[in-house]
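Visitor: First the structure, then my questions, so here it is.
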Amino acid sequence: MPGADEGARQSNWVFTALKLIAAVMIFAMAALTFADVIGRYVFSAPIQGTFEIVGLLLGVVTFAALPLITLARSHITVDLFDSFIRGRFRWIQQFSILAGSACVIAFIAERLIAAGIDEAEANFVTEDLGLSRAPLLYGLSFLSMITVVILIIMMWQMATGRLAVKPPDMDRLKTDPGDHPAH
């Protein structure tokens, strides 16, 4: 398809940025926890607010990874009935899952914005460090909206035949055991 490579290059920086954000936040969580443990047990001086900061960073990691996992179609799934669903029903199942996921993530994005507005209006701050969580909640909502856009694009691609129906993992295991997600 003409221009597809250019569009992929243009959106690639978004996914690279999300990967970088997630990696930096995971490193920050590990470094902060390490420093807190050393401070607590070697110097008897823990870092104030470590638990609070790690909790906030965990939210960023989770919501930064959500668009990446969605695009890769690598969510954890229960494939109890996948071997029984074939043909057109498989397409309907996967399209319905994309649509349902888009609705749920959009609802989460709206709730995060509402929570951010409520916390900003009430001047709510975190207990240990006195930080406002409202900007974080807005950021998490933005990351959720990126995921919704990805899901809508995937729905469009599936409806137009440009996104293949994902085969059941059991079928992949039968053809190539090394290609199974558990390996």
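Conditions tested, residue by residue: (1) over 25 Å from ALA17 (Cα atoms); (2) assigned to a helix (DSSP H, G or I); (3) touching a Ser or Thr at 6+ places or on another chain (Cβ under 7 Å).
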position	(1), (2), (3)
ALA102	no, yes, no
ALA115	yes, yes, no
GLU127	yes, no, no
SER132	no, no, no
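Visitor: Considering only the stretch 31-65, state which residues are assigned to a loop (DSSP other than H, G, I, E, B) and within 26 Å of LEU140 (Cα to Cα). Give the derivation first.
Guide: First pass over the stretch 31-65, keeping only residues assigned to a loop (DSSP other than H, G, I, E, B): 42-49.
Correct list: ILE47, GLN48, GLY49.
Visitor: Among the candidates LEU137, LEU112, LEU151, LEU163, which residue alone is touching a Leu at 6+ places or on another chain (Cβ under 7 Å), of a type outside the set (Ser, Thr, Tyr) and under 30 Å from ARG90 (Cβ atoms)? So that I can check it myself, show each step before the final result.
Guide: Numbers: LEU137 fails: under 30 Å from ARG90 (Cβ atoms); LEU112 fails: under 30 Å from ARG90 (Cβ atoms); LEU163 fails: touching a Leu at 6+ places or on another chain (Cβ under 7 Å).
The unique qualifying residue is LEU151.
Visitor: Does ALA114 satisfy being under 21 Å from the mean Cα position of the chain (by Cα) and touching a residue at least 12 places away in the same chain (Cβ under 8 Å)?
Guide: On the way: under 21 Å from the mean Cα position of the chain (by Cα): yes; touching a residue at least 12 places away in the same chain (Cβ under 8 Å): no.
The answer is no for ALA114.
Visitor: Within the stretch 66-84, work out how many residues are part of a loop (DSSP other than H, G, I, E, B) and within 28 Å of TRP13 (Cβ to Cβ). Give the derivation first.
Guide: Step one: filter the stretch 66-84 for residues part of a loop (DSSP other than H, G, I, E, B), giving 73-81.
Filter again for within 28 Å of TRP13 (Cβ to Cβ), leaving 73-76.
Counting residues in the stretch 66-84 that are part of a loop (DSSP other than H, G, I, E, B) and within 28 Å of TRP13 (Cβ to Cβ) gives 4.
Visitor: For residues that are assigned to a helix (DSSP H, G or I) and surrounded by 15 or more Cβ atoms within 10 Å (Cβ to Cβ), tally how many sit in the stretch 154-171.
Guide: So in the stretch 154-171, the residues assigned to a helix (DSSP H, G or I) come out as 154-159, 169-171.
This time we only want the ones that are surrounded by 15 or more Cβ atoms within 10 Å (Cβ to Cβ), so: 154-155, 158, 169.
Qualifying residue count, the stretch 154-171: 4.
Visitor: Can you tell me which residue within the stretch 84-110, out of those that are of a type in the set (Val, Ile, Thr) and more than 19 Å from the chain's Cα centre (by Cα), is surrounded by the fewest Cβ atoms within 10 Å (Cβ to Cβ)? Spell out the reasoning first.
Guide: Going through the stretch 84-110, the residues of a type in the set (Val, Ile, Thr) turn out to be 85, 92, 97, 104-105, 108.
Those left that are additionally more than 19 Å from the chain's Cα centre (by Cα): 85, 92.
Values: ILE85: 15, ILE92: 12.
Per the stated criteria, the residue is ILE92.
Visitor: Next question. Taking the conditions exactly as written (farther than 17 Å from GLN157 by Cα, surrounded by 15 or more Cβ atoms within 10 Å (Cβ to Cβ), out of contact with any Lys or Arg (no Cβ under 7 Å at 6 or more places or on another chain) and touching a residue at least 60 places away in the same chain (Cβ under 8 Å)), does ASP36 satisfy them or not?
Guide: So ASP36 does not fit the description; no.
Visitor: Considering only the stretch 117-131, how many residues are of a type in the set (Asp, Glu), touching a residue at least 12 places away in the same chain (Cβ under 8 Å) and more than 26 Å from ILE47 (Cα to Cα)? Let's see the steps before the verdict.
Guide: Of the residues in the stretch 117-131, the ones of a type in the set (Asp, Glu) are 118-119, 121, 127-128.
Now drop any that are not touching a residue at least 12 places away in the same chain (Cβ under 8 Å), which leaves 119, 127-128.
Among the residues that remain, those that are also more than 26 Å from ILE47 (Cα to Cα) are: none.
Final tally of qualifying residues: 0.
Visitor: A follow-up question, please. Just checking, which of LEU58, LEU71, LEU66 is under 13 Å from the mean Cα position of the chain (by Cα), surrounded by 11 or more Cβ atoms within 10 Å (Cβ to Cβ) and modelled with pLDDT under 95?
Guide: Details: LEU58 fails: modelled with pLDDT under 95; LEU66 fails: modelled with pLDDT under 95.
So the residue among LEU58, LEU71, LEU66 that is under 13 Å from the mean Cα position of the chain (by Cα), surrounded by 11 or more Cβ atoms within 10 Å (Cβ to Cβ) and modelled with pLDDT under 95 is LEU71.
Visitor: Kindly evaluate ILE92 against the criterion of being β-branched (Val, Ile, Thr), modelled with pLDDT under 95 and part of a helix (DSSP H, G or I).
Guide: Values: β-branched (Val, Ile, Thr): yes; modelled with pLDDT under 95: yes; part of a helix (DSSP H, G or I): yes.
Judged against the criteria, ILE92 is a match.
The values are calculated or read from the model by the stated rules, or taken from the named source; none is laboratory data. All values derive from a computational prediction rather than experimental measurement. Reconstructed Cβ throughout: ideal geometry from the backbone, glycine too, with neighbour counts over all protein chains shown.
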